[in-house]
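The values are calculated or read from the model by the stated rules, or taken from the named source; none is laboratory data. None of the values given here were measured: they were computed from a predicted structure. Methodologically, a virtual Cβ is constructed for each residue, glycine included, from the backbone with ideal geometry; neighbour enumeration extends over all protein chains shown.
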Amino acid sequence: MASRIALVTGGTGGIGTAIVRHLAGLGHRVATHYRNEGKARTWQEARRAEGIDACVLPCDVADPEACAAFVRQVEATLGPVDILINNAGITRDVMFHRMTYQQWTEVLNSDLNACFNVTRPLIEGMRTRKWGRIVQISSINGQKGQCGQANYAAAKAGMHGFTMALAQENARCGITVNTVSPGYIATDMVMAVPEDVRNRIVAQIPIGRLGEPDEIAHAVGYLVGEHAGWITGTNLAINGGQYMS
C-alpha cells in the first residue's frame, strides 16, 4: 500500500486513537487535532511510546476558519492530504422537550458542520490529484434514532447524507466517500457508564458483547486502501447485529 497523508478528526478519543494507530501501522503519515493541550501532550507521549509519530495540532472543528488554518498547517508540515476521516463528535444528551438551542447547535456544529469545515479545504486538492478517500464515522443512533439524542441522531444521520452526495460528485475524480456507523464500542466513555446500564446494552447485541475500537479502525483501514476504489456512497454498519437494515 502506498504511503499517504491522513487526517483524522477527533483522533485523541477512543475510536479516533485506534484509527490513528491503525493508519500509522499501514504506513501512512497521520495528523489529528486537540482542544485540551494537556490531554494532547499525554496522548502524543503515549503514541510515541508505541512508535507512532503523529502530527497533533490545535483546532476546534466547529470553527470553519480554524479548520482552514489547521488544514493549511497540516499540508505545510506533512504534505497534501489524501485520506480524511471525519470522526470528531460530542454528545449533549437530553430529551427534546427539554433541549436548549445551545445543546442542539453544539452537537450539530461539532458532529455535522465539522464535516464541511474540514472537508471543504481538502476536496479541491483531492480532485486535482485524482485520488482521495473520505470516511465519515457516524453511529448506530444515526440509523435507528435514540431517546435523548435528537441532536446527535440528526447530526449522525446527516453525515451519511453528506457521504452520498459527495460520493456522487467526486466518483469520477478517483475519490471515494463512505460512512462507518459503529454500535456501542468499549471506549472509556462507554465503560464509564454504570455496569447495570452496560449490561442492558449488551443484552440487545446479538453477538453478546461491546465492540472494540480496533474493529472500527480495521474497517476504516480497508475503506481507505487502494483495493477499495469501487466502494463509494456506502454506510457500513458495525454494531454486532444490534441494528440491521
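Taking the stated definitions as given, is VAL61 closer than 26 Å to LEU166 by Cα, surrounded by 18 or more Cβ atoms within 10 Å (Cβ to Cβ) and modelled with pLDDT of 95 or more?
Values: closer than 26 Å to LEU166 by Cα: yes; surrounded by 18 or more Cβ atoms within 10 Å (Cβ to Cβ): yes; modelled with pLDDT of 95 or more: yes.
Answer is yes for this residue.
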Taking the condition of being among the small types (Gly, Ala, Ser) and not in a loop (DSSP other than H, G, I, E, B), how many residues in region 26-35 meet it? 1
Out of everything in region 123-135 that is out of contact with any Lys or Arg (no Cβ under 9 Å at 6 or more places or on another chain) and buried (at least 22 other Cβ atoms within 10 Å of the Cβ), what residue ends up being farthest from CYS59 (Cα to Cα)? GLY132
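Considering every residue within region 42-49, establish whether at least one is basic (Lys, Arg), surrounded by 17 or more Cβ atoms within 10 Å (Cβ to Cβ) and touching a residue at least 40 places away in the same chain (Cβ under 8 Å).
Pass one, region 42-49, residues basic (Lys, Arg): 47-48.
Subset that is surrounded by 17 or more Cβ atoms within 10 Å (Cβ to Cβ): 47.
Restricting the remaining residues to those that are touching a residue at least 40 places away in the same chain (Cβ under 8 Å) gives none.
No.
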Qualifying residue in region 80-100 (condition: surrounded by fewer than 17 Cβ atoms within 10 Å (Cβ to Cβ) and touching a residue at least 60 places away in the same chain (Cβ under 8 Å)): yes
I'd like the full set of residues that are part of a helix (DSSP H, G or I), over 17 Å from ILE15 (Cα atoms) and not basic (Lys, Arg), limited to region 43-55. GLU45, ALA49
Considering only region 1-25, state which residues are in contact with a Gly (Cβ under 7 Å, 6 or more places away or on another chain), surrounded by 19 or more Cβ atoms within 10 Å (Cβ to Cβ) and either assigned to a loop (DSSP other than H, G, I, E, B) or among the acidic types (Asp, Glu) (or both). GLY10
Go through (1) in contact with a helix residue (DSSP H, G or I) (Cβ under 9 Å, 6 or more places away or on another chain); (2) under 21 Å from ALA155 (Cβ atoms); (3) not small (Gly, Ala, Ser) one by one and return the number of the condition HIS97 breaks. (1)
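Here is a check on your reading of the model: is GLY27 in contact with a strand residue (DSSP E or B) (Cβ under 9 Å, 6 or more places away or on another chain) and small (Gly, Ala, Ser)? Before the answer, list the steps.
On the way: in contact with a strand residue (DSSP E or B) (Cβ under 9 Å, 6 or more places away or on another chain): no; small (Gly, Ala, Ser): yes.
So GLY27 does not fit the description; no.
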Complete set of residues in region 156-172 that are farther than 10 Å from GLN136 by Cβ and polar (S, T, N, Q): GLN168, ASN170
